[in-house]
Amino acid sequence: RRIVCWLCTVSLLVLSLGDRPDTDTSKPDRIGWPSLCPALQELSAELPSYVVRLGDAFEEPYNCSKDSAGPWRLKVDLNAPKEAGEAFQKLHRLVLVFTPKWPLALPDVRFFGFLRSMYAESDSKGFRSAVATKSLQTRLREQAGTEACRWRQSGGCKADGSNLEPGNERPCSKLVELGESGFCDCNGDGKKGKKEPGYNCQKTPGTCDQVCKGRKPPTHYNLRKILSVLHKSLGTALEIEDFYRFQGMNRRFHEDTDSKIRATYAKHGKKHPMLFRSNLLAEEIVNAELLTTIQAAHYETDTEAARVKLLESGLVKEIIKDAVYSFPVLTPSVHNMLKEELQQVHKAKLPKEGTRSKMEEDLEIGLDPRAGPTLEGINVNSVGLEPLMFLLQDSVIQPMAKMLLPTLGIEMESQHAFTVRHTTLDDLHDRRTDDSEITFNLNLEANESGMPMVFCGVPGNPDHRQFKTVHQHLSGHAMLHLGGIRHGAEATIGSHFLNLVVWSYPRKFRAAREPQEDGKRESGPPDGRCVSYAHDRDFGQFGSWPPGKKEKHLGEGWCPHKAHEYQGFKEDQKEGG
């Protein structure tokens, strides 16, 4: 077993070796952290074969002697069952959210990465996330707990507790058909009590839940059983009655563009298969000195000390305090492999969606979380590189953001990764804010001098559109910055860039324009280097419209919000308006 320890989001990454017989560490007198912590320790000691990685319960390490109030969020990466269809055969990231009622209450279950199933309902905003459906919650209640209450079936229409058929007993939540006999064992002791009703084929309780209400002991859920059920749900029906509906959703998932892109590229042939491995380790891809520095910084007593440790390393450069940082991230060999792989993806003939989202149309690159390739960019997750993107998020983006950016207490759960390719002078000089909490921008290929990146203010602040700095984004370096900060690339004739961008989202993500709506009045007219033709209502007052952009964007801007207009604000007007 190989272990990488982090005191951050995924502070324990364990490669699985094999299954272990199910044991239940939960006891009635151990609720919340005293029950969950030993269960996590027991599970991490020997993981089931389908568990690729298991993270700590954020942000508690496995210190069972330490009190913790919860709730607790646990990241886990699972492989699909072998019998699952092709579309399911990938790494699946889940987050389980446990409340202080554990093990008497199931955790909330969230899936990350595109998934279509009767057991997972995709997020309507398209952030590549899904929540457990009612069907999955029902199956978890039935299959992942130790429920005392049981229907004890008998033969010969016996209602007195005799002639039992152990092979036909079932949970109290299951329907008892008319013509069946037995009794409702409300307390689960296996014996018919005086207050436990029996049935002699002439009547049915419906379900024993109905007749045992208020008299049955609570169900105790088991973490190992929960993961087993979730694993099975990633490609197979959990009950025979789910089969036809599951198969219908399964066909739709296989026919989805996202699934087709991954299947098509797999057949095309991956240039560097290593990059697609689900069990990659951070040591295999990330600059060794950077990993050591991150580890050392996490041992500091507070965030400021950790930030200083990173900056004193000489690897991390502070561009704007608490907002923008730059550092080398990948090993040289992995950097070149990733560049070559993405260059090949750009050239491959992959499926495209028939229509483009509003976000794609505005930005004119393949940014939509479910978009196929476009002329300017590709959805990196769709071609099968999602495990690599999650590994970057776990080992670099999350810990660096926690130490360098004001996001203490915020855990990044989902991500959207895409490329931006630029070959001539085009609209990349427009200023925009990202639809992310944290943005990671890795320059894979650039001119020797790098790519100039302009940074301005944050929406909602008086200096939102005021110039802050310009930074030469060098090839091989990543920039980590607040997603909401206004920024843009300055391009020159003949320049050539290929960037990997990873947008990270916490549980509750707010789009960049929302803070502007409840923020402060702008301090004055914007700096001409910080205006956007796609977003600003007054762009024409300070900038020159690029060809074709005025007709498309004039009158469509939202910034500044009407309540926050600076003194003397003048909005662009259409001709004759």
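The values are calculated or read from the model by the stated rules, or taken from the named source; none is laboratory data. All of these numbers come straight from a predicted model, not from anything done at the bench. Cβ sites come from the backbone with ideal geometry, for glycine too, and all protein chains shown count toward neighbours. Remember, those area values only see protein heavy atoms, side chains included, never the ligands or the DNA or RNA. Shrake-Rupley method; radii C 1.70, N 1.55, O 1.52, S 1.80 Å.
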Quiz item: Is the shape of the range 105-167 rounded, prolate or oblate, going by the alpha carbon gyration tensor and its root eigenvalues a ≥ b ≥ c, with a/c under 1.5 for rounded and a/b larger than b/c for prolate?
Solution: prolate
Exercise. Could you look at the range 213-351 and say what percent of its accessible area is carbon and sulfur, using a 1.4 Å probe and all protein chains?
Key: 51
Practice problem: Quick one: what are the phi-derived ³J(HN,Hα) couplings along the range 209-224, Karplus 6.51/-1.76/1.60 with θ = phi - 60°, whole Hz, x for glycine and proline? | Solution: 4, 5, 8, 9, 3, x, 10, 9, x, x, 6, 10, 8, 10, 4, 5
Quiz item: To the nearest 10 square angstrom, what accessible area does Lys402 show with a 1.4 Å probe?
Solution: 40
Exercise. Please list Ile294, Ile410 in order of solvent-accessible area, largest first, computed with a 1.4 Å probe with all protein chains present.
Key: Ile410, Ile294
Quiz item: What FRET efficiency do you get for Trp545 and Lys352 if R0 is 25 Å and r is their Cβ-Cβ distance, rounded to the nearest 0.05?
Solution: 0.30
Quiz item: Highest mean first, what order results for 234-243, 457-466, 132-141, 159-168 on Cβ atoms within 10 Å?
Solution: 457-466, 132-141, 234-243, 159-168
Exercise. Round to the nearest 10 and report in Å² the accessible area of Glu196, as given by a 1.4 Å probe over the protein chains' heavy atoms.
Key: 10
Practice problem: Give me the distance in nm between label points sitting 7 Å out from Cα along the Cα-to-Cβ direction at Arg507 and Tyr299, one decimal. | Solution: 3.1
Self-check item: Extension reserve of the Val470-Asn200 stretch, reckoned as 0.36 nm per residue once the Cα distance is removed
Solution: 89.0 nm
Quiz item: Residue by residue through the range 461-469, which ³J(HN,Hα) values in whole Hz follow from phi under the Karplus form 6.51 cos²θ - 1.76 cosθ + 1.60 (θ = phi - 60°), with glycine and proline marked x?
Solution: 8, x, 9, 3, 10, 9, 5, 10, 6
Self-check item: Exceeding the 32 Å Cα-Cα cut-off - candidates Lys82/Lys352; Lys101/Lys203; Lys75/Lys270; Lys75/Lys321; Lys339/Lys550
Solution: Lys101/Lys203; Lys339/Lys550
Practice problem: At 7 Å along the Cα-to-beta-carbon direction for both Lys174 and Gln567, put a label point, then send me their distance in nm to one decimal. | Solution: 7.7
Quiz item: Which order do Lys339, Lys574 take when ranked by solvent-accessible area (1.4 Å probe, heavy atoms of all protein chains), largest first?
Solution: Lys574, Lys339
Exercise. Please give the contour-minus-distance gain from Lys213 to Glu46: 0.36 nm per residue of separation, less the Cα-Cα distance, rounded to one decimal in nm.
Key: 56.3 nm
Quiz item: How long is the gain from Glu284 to Arg141 if the chain were fully straight, where each residue apart is worth 0.36 nm and the alpha carbon distance is subtracted?
Solution: 47.5 nm
Exercise. May I ask you to derive the FRET efficiency for Tyr244 and Glu340 from their Cβ-Cβ distance with R0 = 45 Å, giving the value to the nearest 0.05?
Key: 0.50
Quiz prompt | Solvent-accessible ranking of Ile320, Ile285, largest area first, probe 1.4 Å | solution = Ile320, Ile285
